[in-house]
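The values are calculated or read from the model by the stated rules, or taken from the named source; none is laboratory data. Because the structure is predicted, anything quoted here is derived from the model rather than measured. Ideal geometry is used to build each Cβ from the backbone, glycine not excepted, and the neighbour counts take in all protein chains shown.
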Amino acid sequence: MLPYLTMNPFGFPILSTVIFLPLVGVFFILFLKDGNKIKITAFVAGLLTLGVSLMLFFNFDAGTPIFQFGERLAWIPVYNINYVLGVDGISIMLIVLTAMISPLCVLCSWKAIEKRVKEFMICILLMETAMIGVFCALDFILFYVFWEAMLIPMYLLIAVWGGPNKDYASLKFFIYTLFGSVFLLVAIIALYLVNGTFSIPEAMFKGYSFTFQIWVFLAFAIAFAIKVPMFPFHTWLPAAHTEAPTAGSVLLASILLKMGTYGFLRFCLPIVPMASFYFAPFMIVLSIVAIIYGGFVCLSQTDMKKLIAYSSVAHMGFVTLGIFTFTVYGFVGAMLQMLNHGVTTGALFLMVGIIYERTHSRQIYDNAGLGKFMPAYVGFFGLFALSSFAFPGTNSFVGELYVLISTFARSRTAGFFAAVGAVVAAAYMLKLLKQIVWGREDKRDIKDLNVREFVYLTPLAIFVIWVGLFPAPFVRVMETTLVNLFMQLNKLSQ
């Protein structure tokens, strides 16, 4: 095994298993015609994938920054392209998050999707394979294949099962993402021409010339900023979220956006560190603009789904802000916020999907005053809303606190504006929560949550409270990797 990659302690290729198990589900679904059997098969495939990902998590050695559970096979030897997999403290949490969210997407679509059920479930499982593959790949070409593989099923989820403006939203998503992918490929080719290998770990901390780092950083940054999306590349996100089916919005918010911030941590900082330092003030400004801009736009929204979509712009701004403070607190806070945003915003989109199935409207006024009719619903909604603006005791408070501490340590001005963004987040979420719970007095015949909805909301609620009150186990898993990254960057800056 290579020096940066530890042996796989299991008797089978566990990373390949967790990546391709959803494809096994796709294989069985191809031969099924009954809609319920298709849904059950997709759900079981998701649960099995989650089970394997938890095996990874509980056997992960948090005391080393080296990539673990390594797998390596020659793929295209003439170009030194290999099938190399491994995970560290950054990627392991995102793999578990992906594996947890995917079966919940199947459950939330159980009644909502009635046409082309087979194709829909296949798209969900294909997305899961591609997303987990992105977080496991340690070869640039393998990474790029998985990165691009998620584009088509996500496009189809919006274009086929989306809302009235689905054609516009899906095309905009496709064009933006493809545009970013071109720059990603250019950066990969440039690194190959210099290193003679597509190995990601072997490209890290190599001492490239400053000019070379600048150009590679810009190519990487455009690709990842579009995926996050950072301001001003954010305009595809509200359209995609608003028109996508509930499961599509959940996958976008919970996982796809994290691929961009994962790219900054995995590629920009360790591969082109000096350029990352150079552009850090610019990235911090863009992050704060996203936080402030996203918050104030949310205050004017009347559509629940569009409000939550714009809130993602602000929340992901905290993630990129934490990354480019270049502190351990900032890195840990960014990683926690990636997980927290994935759970909380994904849960809020699930809440919108639940009420849309009952009222067939996403307008805040049409869904106001549910406190008397749906006490369980507003209970979950209240918890996720509190988490969204980082109320103390919820998961987002911990991550946001880390980011704010690191930001104030770097710049009091930046910290002040980030704190203003946090206050604006409280304003728009409390305004939404007030309307949903007490907004109207008229009587309506609306049923509260059913058993299926309780099943997929409960684990997310548990996560919100668990991380909010006891974040240590999650911090411990990622801390060694992030401290090692900080130390390597610190050596270069001296």
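General observations
- Residue match in region 1-12 (condition: over 15 Å from residue 128 (Cβ atoms) and part of a helix (DSSP H, G or I)): no
- Residue check, residue 111 of a type in the set (Lys, Arg), at negative phi and in a helix (DSSP H, G or I): no
A quick yes/no check of all residues on (1) part of a helix (DSSP H, G or I); (2) not β-branched (Val, Ile, Thr):
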residue: 71; (1), (2): no, yes
residue: 93; (1), (2): yes, yes
residue: 104; (1), (2): yes, yes
residue: 121; (1), (2): yes, yes
residue: 132; (1), (2): yes, no
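- Looking only at region 76-91, and only at residues there that are assigned to a loop (DSSP other than H, G, I, E, B) and of a type outside the set (D, E, K, R), the one that is nearest to residue 139 (Cα to Cα): 80
- In the set (1) within 22 Å of the chain's Cα centre (by Cα); (2) closer than 30 Å to residue 266 by Cα, residue 429 fails one condition alone, (2).
- Criterion: under 15 Å from residue 468 (Cβ atoms) and either in contact with an Asp or Glu (Cβ under 7 Å, 6 or more places away or on another chain) or free of Cβ contacts under 8 Å to residues at least 24 places away in the same chain (or both) - qualifying residue of 376, 390: 390
- If only residues of region 314-371 that are among the small types (Gly, Ala, Ser) and closer than 25 Å to residue 408 by Cβ are counted, the one that is surrounded by the most Cβ atoms within 10 Å (Cβ to Cβ) is 322.
- Members of region 270-280 that are of a type in the set (A, V, I, L, M, F, W, C) and surrounded by 24 or more Cβ atoms within 10 Å (Cβ to Cβ): 272
- Only one of 49, 17, 64 that is in a loop (DSSP other than H, G, I, E, B), closer than 26 Å to residue 477 by Cβ and β-branched (Val, Ile, Thr): 64
- Selection of region 274-320 for residues being touching a Gly at 6+ places or on another chain (Cβ under 8 Å) and polar (S, T, N, Q) yields 287, 311, 312.
- Beta carbons closer than 6 Å, at least 6 apart along the sequence or on distinct chains, never pair a first residue in region 408-425 that is in contact (Cβ under 8 Å) with a residue 40 or more places away in the chain with a second that is of a type in the set (D, E, K, R).
- One residue alone among 350, 336 is part of a helix (DSSP H, G or I), in contact with a Pro (Cβ under 8 Å, 6 or more places away or on another chain) and within 23 Å of residue 237 (Cα to Cα), and that residue is 336.
- Every condition in (1) part of a helix (DSSP H, G or I); (2) surrounded by fewer than 19 Cβ atoms within 10 Å (Cβ to Cβ); (3) of a type in the set (D, E, K, R) holds for residue 444 except the one numbered (1).
- Residue match in region 189-208 (condition: at pLDDT 90 or above, buried (at least 23 other Cβ atoms within 10 Å of the Cβ) and in a helix (DSSP H, G or I)): yes
- A single entry from 383, 469, 370 fulfils the requirement of being at pLDDT 90 or above and within 26 Å of residue 294 (Cβ to Cβ): 383.
- Tallying residues that are hydrophobic (A, V, I, L, M, F, W, C) and buried (at least 24 other Cβ atoms within 10 Å of the Cβ) within region 229-251 yields 7.
- Answer from 67, 27 - the residue that is within 28 Å of residue 201 (Cβ to Cβ) and either surrounded by fewer than 18 Cβ atoms within 10 Å (Cβ to Cβ) or in contact with a Pro (Cβ under 7 Å, 6 or more places away or on another chain) (or both): 67
- Hits in region 294-314 - residues which are of a type in the set (Ser, Thr, Tyr) and more than 21 Å from residue 340 (Cβ to Cβ): 300, 302
- Yes/no for residue 492 being modelled with pLDDT under 90, over 20 Å from residue 298 (Cβ atoms) and either assigned to a helix (DSSP H, G or I) or in contact with a Ser or Thr (Cβ under 8 Å, 6 or more places away or on another chain) (or both): yes
Quick grid of which residues meet (1) under 28 Å from the mean Cα position of the chain (by Cα); (2) crowded, with 16+ Cβ neighbours inside 10 Å:
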residue: 6; (1), (2): yes, yes
residue: 16; (1), (2): yes, yes
residue: 45; (1), (2): yes, yes
residue: 54; (1), (2): yes, no
residue: 58; (1), (2): yes, no
residue: 73; (1), (2): no, no
residue: 78; (1), (2): no, no
residue: 81; (1), (2): yes, yes
residue: 86; (1), (2): yes, yes
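- Checking each residue of region 394-414 against the condition of being in contact with a helix residue (DSSP H, G or I) (Cβ under 7 Å, 6 or more places away or on another chain) and either loosely packed, with under 15 Cβ neighbours inside 10 Å or part of a loop (DSSP other than H, G, I, E, B) (or both) gives at least one match.
- Region 42-68 - residue that is polar (S, T, N, Q) and within 14 Å of residue 7 (Cα to Cα) and, of those, modelled with the lowest pLDDT: 64
- Leading residue by the ranking (farthest from the chain's Cα centre (by Cα)) among those in region 89-141 that are over 23 Å from residue 454 (Cβ atoms) and of a type in the set (S, T, N, Q): 129
- Test: residue in region 157-178 that is of a type in the set (Gly, Ala, Ser), out of contact with any Ser or Thr (no Cβ under 9 Å at 6 or more places or on another chain) and either modelled with pLDDT under 90 or assigned to a helix (DSSP H, G or I) (or both): yes
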